[in-house]
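The values are calculated or read from the model by the stated rules, or taken from the named source; none is laboratory data. Small disclaimer: the values here were computed from a predicted structure and weren't measured. Counting neighbours? That spans all protein chains shown, and the Cβs are built from the backbone with ideal geometry, glycine included. Just the protein is used for accessible areas: all its heavy atoms, side chains included, with ligands, DNA and RNA removed. Shrake-Rupley method; radii C 1.70, N 1.55, O 1.52, S 1.80 Å.
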Amino acid sequence: MSYFIQQLLNALQLGSIYALIALGYTMVYGVLGLINFAHGDIFMAGAFFGFFIAVMLKLSLVPTLLLAMFLAAVLGIAIERVAYRPLRKAPRMSLIITALGVSLFLENFTRATLGGQQRSFPKLLNVQEFALGGATVTNLQILIIVVSLVLMLLLRYVVQKTMIGKAMRAVSDNKEVLALMGISLDTVVMATFGIGSALAATAGILVGMAYPVIDPYMGIAVGWKAFIAAVLGGIGLIDGALVGGFILGFVEIFAAALLPSTYRDGIAFAILIIVLLLKPTGLLGRPVVKKV
Amino acid sequence: MSFLEVENLEVTYGAITALRDVSFSVEQGEIVTLVGANGAGKTTALRTITGMVAPSKGRVIFEGKDLLKVKAHNIVASGVTHVPEGRGMFGNLTVMENMELATWTRRKDKGQLKKDFDRVFSLFPRLAERKSQKSATLSGGEQQMLAVARALMSKGRLMLLDEPSMGLAPILVKEIFRILVDINRQGTTLLLVEQNAHMALKIAHRAYVLETGHVVMQGSAQELAKDSRIREAYLGG
């Protein structure tokens, strides 16, 4: 039983991280129909922002987190402005290739300027263990889960209740009519990239604290997994990203617990393939209706 | 200078010329209609005014301002609203959310907004009943009402309407047109594009007839409704 609770907590922790990153994929897809392959690298950049803020400015956890979120938002918005916006009317394929290019650029530029070695992430939290029903929990685990849940609830509020959130949902329904309402698509896209990137940066710092090492390629595997989570839940849907993130977290942790741990990625991808075969629009996705 | 002045407009899509040397004007307080068959260029004319299509030649002047220099999303703030062809619903958003988005440019003015919502809901009681329903689940007539309600919430001085009668039962068409007359009486100028020339000429003050991208006739709606050529071509004899 205690073993089960232990794994449950691990799964919640991993699922929160995937969900935080998956939200960025799904939001950008919802607004632009673009898979932003550079999103995993924003997660990495967020971890590095956190690293330098904590090491050089010696800030504590909360200001480090907030400042890194802000910087990542600026980076995400800048990438959209420079690399994606000029291609908004170009064929979809050009945009996808560009996104892959941006991803490789961020990884290699970071490696070239900062070096490819792993860096140990500064201790932003005095980690303490305590017992919970026979399992051992750390305050870091709780922090990761709570911060993620709070941000998810906050995002849900923004998307459901605020004007910019309503505009984000409206874009996926009808881009053209948005302008007739007096709303600039660019404003909505900027907000989307900003919010998604800030969430990814949070995930980057939380992963940095948990591991606790970071490197320029840390975004690749996690980015792909989060992308899978978004597709699994139904890309373009906020709730889909949350559901997909947690399912993937649970599957990976329990696959590793029951089978040799080398199977866990294989199982994650196998699940993706099976779900998409059975339900191409993802678990929460509605079937695509072609309008005449 | 007229309220809205469209001069020598030319619009091409690739090799196809959608509008050729089209000029028309709208005076403040009028209902003006552009009638014509499918493909005559009526929709293109409206889309050019609100910046959704860029013309190769011509001018669009509203209240003395060159609208072709205004970005599409700033046209509303200049005072022109557009009820698009096919109603342009945000289908996954509720009726209320659709209307709220139309208030984007004046979202800070909470007190006035409350009054405007009340006014528009009193004009469309059916929308008030369906406030929290997703707009995709509304009937065609209700969606058309919502499209007009949205434009009202944007508070323009000139409202462009693209085929508000399309796909609606005759009784609903009558209701929509009755509301349009109301809206006009309350001070909004209307530029109405219609295939249903019969209804459009009934409520309009003046009309222009478009054929394959240019204006072939113009005049008071009353006169045009009596004209034998119009009766033959658009009013079923």
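Of all residues in the range A:257-276, those that are aliphatic (A, V, I, L, M), over 19 Å from residue A:224 (Cβ atoms) and exposed (fewer than 14 other Cβ atoms within 10 Å of the Cβ) total 2.
Strands (runs of 3 or more DSSP E) wholly in the range B:12-91 with at least 1 residues that are touching a Gly at 6+ places or on another chain (Cβ under 8 Å) - which ones?
Working: elements: B:16-26, B:31-35, B:57-62, B:80-83.
Those strands (runs of 3 or more DSSP E) span B:16-26, B:57-62, B:80-83.
One residue stands out among those in the range B:63-87 that are surrounded by 22 or more Cβ atoms within 10 Å (Cβ to Cβ) and touching a residue at least 40 places away in the same chain (Cβ under 8 Å): the one that is farthest from residue B:27 (Cα to Cα), which is B:87. In summary, helices (runs of 4 or more DSSP H) completely within the range A:1-116 and bearing 3 or more residues that are charged (D, E, K, R) occur at A:92-114.
For the range A:157-186, give me each residue that is over 21 Å from the mean Cα position of the chain (by Cα), open to solvent by 10 Å² or more (accessible area, probe 1.4 Å) and more than 7 Å from chain B (Cβ to nearest Cβ). Result: A:161, A:162, A:175, A:185, A:186. Return the residues of the range B:130-145 that are within 12 Å of chain A (Cβ to nearest Cβ) and open to solvent by less than 10 Å² (accessible area, probe 1.4 Å); say none if nothing qualifies. If the condition is that a residue be within 12 Å of chain A (Cβ to nearest Cβ) and open to solvent by less than 10 Å² (accessible area, probe 1.4 Å), then B:135 is the only one that fits.
With crowded, with 24+ Cβ neighbours inside 10 Å, farther than 30 Å from residue B:101 by Cβ and not polar (S, T, N, Q) as the only criterion, which of A:208, A:196 stands out? Sole residue among the options that is crowded, with 24+ Cβ neighbours inside 10 Å, farther than 30 Å from residue B:101 by Cβ and not polar (S, T, N, Q): A:208. Restricting attention to the range B:1-11, the residues being part of a strand (DSSP E or B) and surrounded by 15 or more Cβ atoms within 10 Å (Cβ to Cβ) number 6. Quick one: count up the residues across the range B:68-97 that are polar (S, T, N, Q) and more than 8 Å from chain A (Cβ to nearest Cβ). Residues in the range B:68-97 being polar (S, T, N, Q) and more than 8 Å from chain A (Cβ to nearest Cβ): 2 in total. Residue B:58 falls short on exactly one of the conditions (1) touching a strand residue (DSSP E or B) at 6+ places or on another chain (Cβ under 7 Å); (2) within 7 Å of chain A (Cβ to nearest Cβ); (3) modelled with pLDDT of 95 or more, and that condition is (2).
Among the residues of the range A:179-192, is any among the charged types (D, E, K, R), without any contact (Cβ under 8 Å) to a residue 12 or more places away in the chain and either assigned to a helix (DSSP H, G or I) or on the phi > 0 side of the Ramachandran plot (or both)? Checking the range A:179-192: not a single residue is among the charged types (D, E, K, R), without any contact (Cβ under 8 Å) to a residue 12 or more places away in the chain and either assigned to a helix (DSSP H, G or I) or on the phi > 0 side of the Ramachandran plot (or both). Scanning the range B:26-59 for residues being under 23 Å from residue B:201 (Cα atoms) and surrounded by fewer than 18 Cβ atoms within 10 Å (Cβ to Cβ) gives a total of 6.
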